[in-house]
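Trainee: Sending over a structure as structure tokens; questions will come in a sec.
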Amino acid sequence: MSQQLGSVLFGDPFAVMNTIGLVAFALVGSAKAIREEFDLFGVAVVGLATAFVGGVTRDLLVNRVPLALQSPIEIALGLLGVVLAVVLSVGLSAPDEHTITVVSDAIGLAAFTTTGAIVATEAGVSAFGVVAIGTINAVGGGAFADILLDRSPFILFDDFYASCAVLGGISYWLVDGVGVIPSGAAAACAAVTVTLRLIAATRDWYVPTVQRLQSALDP
Amino acid sequence: MSQQLGSVLFGDPFAVMNTIGLVAFALVGSAKAIREEFDLFGVAVVGLATAFVGGVTRDLLVNRVPLALQSPIEIALGLLGVVLAVVLSVGLSAPDEHTITVVSDAIGLAAFTTTGAIVATEAGVSAFGVVAIGTINAVGGGAFADILLDRSPFILFDDFYASCAVLGGISYWLVDGVGVIPSGAAAACAAVTVTLRLIAATRDWYVPTVQRLQSALDP
Amino acid sequence: MSQQLGSVLFGDPFAVMNTIGLVAFALVGSAKAIREEFDLFGVAVVGLATAFVGGVTRDLLVNRVPLALQSPIEIALGLLGVVLAVVLSVGLSAPDEHTITVVSDAIGLAAFTTTGAIVATEAGVSAFGVVAIGTINAVGGGAFADILLDRSPFILFDDFYASCAVLGGISYWLVDGVGVIPSGAAAACAAVTVTLRLIAATRDWYVPTVQRLQSALDP
């Protein structure tokens, strides 16, 4: 049995978050593909892409063979999300908008941002690189899924979603720079990302457009 | 003269299949771009992308400089496919749907799946990684071409196409695991992929959607 | 202070061109995203993608960690372009079509093609690889930005833009092959690319489609 499964069963909180995130991301992507009447192969591809393309891009950027191609248990978690989306679609019109999914997705957003920031820091990139790789790790899969669905990535014009990852990544970099507490940076990043995302989803936060800023400045 | 050209002329069956595939894939991609009234540069880019992006992605995933950037003869074969698409478009409305093209494309699908599975096995990835890289090698170029043409990749909602590569990749992994016959895995992968694809094209097979499964279960 | 900033201040002409190009590319990408009413995060992503995705793709193809993730000053130049697009959008409906922008963009096209050709030559790829990587370095960011904006890359059907980079890349390869003058290849590539682009923009050059060729041949 794998180390990751052991970590989940015996309570490493970060492994638990990552596990929840993989299932939730795959479920969200697959549910979108089902609504577009993609076939079962397409549903699986969009679901797995949502869960793994962010991490694969992160690994390509720091020049390593993607972890997802080496870790069968991670793929199994992604496939579980795909199956859940198919089964839940029978009873629910939008299982990806259910509260449990939104909370699980926020947890995944935090876990993936943190993993990205850790890997980027180890790779020795700039502060911008840490924030960029953390954000790509967290939202790259969903953005790529939208491209497969022939639409603009929703993170670019809707919601307050990728911004949570950006602010989480900045928190990582700030706390890591102070450097007192071991794994303090990871904890700060995860806490900031998940908290902001849950508030944003509850309060319908969004990032303004230039047009809206203009009309606010010049009524 | 290159080793590959020698292999083709003196009868390595796999090199013959790869050669046919590169020309067919480039022809299919270019014909699509011509129908969308892309300019000649766009037609060449979409044709070459269809032939090479799958292999380039495979090489990026296993961390090597893409073969296509080092092998002039492969590029020449791709350009031949582009030129064929332009010339044949004068007489035929859809040279990419001609029987010769469909058969050549099926041969390419088999050759590219097999190459991907071999490279992935050498790179030491998981069983899922072998099937995924084989499939990406085979259908990644066509999927990327569809994105350039501003549409969803057809493999995600139409036809029984990528599924042939998936089943070919699984065959590779199964036979490779038994490990008795030298190059048995490659032969099995190529045979399964091309046979399934030719049957699928003849019989109009498709992968069901969730909606269709639901109405079948609940009439 | 970085070596690049020193080069710009004390007059390395290539560093000056690269600096102008980064700002212009980011401005052009951001202006497109503003017109599509993307939010401020989306405007920044599309602007930075336009400026950096070409170079990042180049680095991935030759297997190195992308320079953009290591160089804060390059990112600062990209962000300057984003801010300029936002500020100028208040007064101008299309700051990306202003003559200063078009000229700066042509300078960037030349600088990026040249950088790509140099890196590709160092990586030891084929002649096709040199031209392809030079062109991808120059136009890959703009093409990716168009995909984010849910449209086909404009370079594939409109204008005479990527073709300038292709011809610049060929010039690099030809002069580099002769090999007499130190940095003659880079100078030739940059001069050919920027000159062709400025003429093309002035004279409204375009690359013909197959349909137009047919009607010209068969009136």
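The values are calculated or read from the model by the stated rules, or taken from the named source; none is laboratory data. Worth saying up front: this structure is predicted, and the values here are computed from it rather than measured. A quick note on method: Cβ atoms are made from the backbone with ideal geometry, for glycine too, and the neighbour counts reach across all protein chains shown. Side chains are part of the model used for accessible areas, which takes the heavy atoms of the whole protein and leaves out ligands, DNA and RNA. Shrake-Rupley method; radii C 1.70, N 1.55, O 1.52, S 1.80 Å.
Trainee: What's the total number of residues in the range B:50-85 that are polar (S, T, N, Q) and either in contact with an Asp or Glu (Cβ under 9 Å, 6 or more places away or on another chain) or in a helix (DSSP H, G or I) (or both)?
Mentor: Total meeting the criteria: 2.
Trainee: Which condition number in (1) in a helix (DSSP H, G or I); (2) open to solvent by 40 Å² or more (accessible area, probe 1.4 Å); (3) free of Cβ contacts under 8 Å to residues at least 12 places away in the same chain; (4) farther than 22 Å from A:Y206 by Cβ is the one that C:S93 fails?
Mentor: (1)
Trainee: Another one. Could you check C:V45 against (1) open to solvent by 10 Å² or more (accessible area, probe 1.4 Å); (2) without any contact (Cβ under 8 Å) to a residue 40 or more places away in the chain; (3) under 18 Å from A:A127 (Cα atoms); (4) facing chain A (nearest Cβ under 7 Å) and say which number it fails?
Mentor: Among (1) open to solvent by 10 Å² or more (accessible area, probe 1.4 Å); (2) without any contact (Cβ under 8 Å) to a residue 40 or more places away in the chain; (3) under 18 Å from A:A127 (Cα atoms); (4) facing chain A (nearest Cβ under 7 Å), C:V45 violates only (2).
Trainee: While we're on this one: Within the range B:187-196, identify whether any single residue is open to solvent by less than 10 Å² (accessible area, probe 1.4 Å), of a type in the set (S, T, Y) and either touching a Ser or Thr at 6+ places or on another chain (Cβ under 6 Å) or assigned to a helix (DSSP H, G or I) (or both), and answer yes or no.
Mentor: Within the range B:187-196 (the criterion being open to solvent by less than 10 Å² (accessible area, probe 1.4 Å), of a type in the set (S, T, Y) and either touching a Ser or Thr at 6+ places or on another chain (Cβ under 6 Å) or assigned to a helix (DSSP H, G or I) (or both)), the answer is yes, since at least one residue qualifies.
Trainee: Considering only the range C:128-139, how many residues are within 27 Å of C:E36 (Cβ to Cβ), open to solvent by 10 Å² or more (accessible area, probe 1.4 Å) and either among the small types (G, A, S) or not in a helix (DSSP H, G or I) (or both)?
Mentor: 0
Trainee: Related question: Under the condition of being over 23 Å from A:R203 (Cβ atoms) and within 8 Å of chain C (Cβ to nearest Cβ), which residue from the range A:144-184 is surrounded by the fewest Cβ atoms within 10 Å (Cβ to Cβ)? Lay out the reasoning, then the answer.
Mentor: Let us first name the residues in the range A:144-184 that are over 23 Å from A:R203 (Cβ atoms), namely A:144-152, A:172-184.
In the following step, the residues that additionally are within 8 Å of chain C (Cβ to nearest Cβ) were identified as A:147, A:150-152.
Working: A:I147: 18, A:D150: 15, A:R151: 13, A:S152: 21.
Of everything passing the filter in the range A:144-184, A:R151 is surrounded by the fewest Cβ atoms within 10 Å (Cβ to Cβ).
Trainee: If only one of A:V83, A:V103 is within 30 Å of B:L60 (Cβ to Cβ), open to solvent by 20 Å² or more (accessible area, probe 1.4 Å) and at pLDDT 95 or above, which one is it? Give the steps one after another, and end with the answer.
Mentor: On the way: A:V103 fails: within 30 Å of B:L60 (Cβ to Cβ).
Selected residue: A:V83, the only one of A:V83, A:V103 that is within 30 Å of B:L60 (Cβ to Cβ), open to solvent by 20 Å² or more (accessible area, probe 1.4 Å) and at pLDDT 95 or above.
Trainee: In the range B:200-209, is there at least one residue being within 14 Å of chain A (Cβ to nearest Cβ) and not in a loop (DSSP other than H, G, I, E, B)?
Mentor: The first filter runs over the range B:200-209 and keeps only residues within 14 Å of chain A (Cβ to nearest Cβ), leaving B:200, B:204-209.
Next, only the ones that are not in a loop (DSSP other than H, G, I, E, B) stay: B:200, B:209.
Yes.
Trainee: Please go through (1) within 23 Å of B:T50 (Cβ to Cβ); (2) of a type in the set (S, T, Y); (3) within 8 Å of chain A (Cβ to nearest Cβ) for B:S126 and return the number of the only condition it doesn't satisfy.
Mentor: (1)
Trainee: Kindly evaluate B:F25 against the criterion of being over 17 Å from B:A111 (Cβ atoms) and either open to solvent by 10 Å² or more (accessible area, probe 1.4 Å) or at pLDDT 95 or above (or both). Let's see the steps before the verdict.
Mentor: On the way: over 17 Å from B:A111 (Cβ atoms): no; either open to solvent by 10 Å² or more (accessible area, probe 1.4 Å) or at pLDDT 95 or above (or both): yes.
In short, no.
Trainee: Let me ask you something else. Considering every residue within the range B:195-205, establish whether at least one is closer than 21 Å to A:I34 by Cα and of a type in the set (S, T, N, Q).
Mentor: Here is the first cut: in the range B:195-205, the ones closer than 21 Å to A:I34 by Cα are B:205.
Subsequent filtering for residues that are of a type in the set (S, T, N, Q) retains none.
Scanning the range B:195-205 turns up no residue that is closer than 21 Å to A:I34 by Cα and of a type in the set (S, T, N, Q).
Trainee: Could you go through the range B:117-127 and let me know if any residue there is more than 30 Å from B:F38 (Cβ to Cβ), open to solvent by 20 Å² or more (accessible area, probe 1.4 Å) and in contact with an Asp or Glu (Cβ under 8 Å, 6 or more places away or on another chain).
Mentor: Taking every residue of the range B:117-127 in turn, at least one turns out to be more than 30 Å from B:F38 (Cβ to Cβ), open to solvent by 20 Å² or more (accessible area, probe 1.4 Å) and in contact with an Asp or Glu (Cβ under 8 Å, 6 or more places away or on another chain).
Trainee: Next question, about the same structure. Give the residue, chosen from C:F144, C:F160, that is farther than 20 Å from B:G29 by Cα and touching a residue at least 40 places away in the same chain (Cβ under 8 Å).
Mentor: Working: C:F144 fails: farther than 20 Å from B:G29 by Cα.
The conditions single out C:F160.
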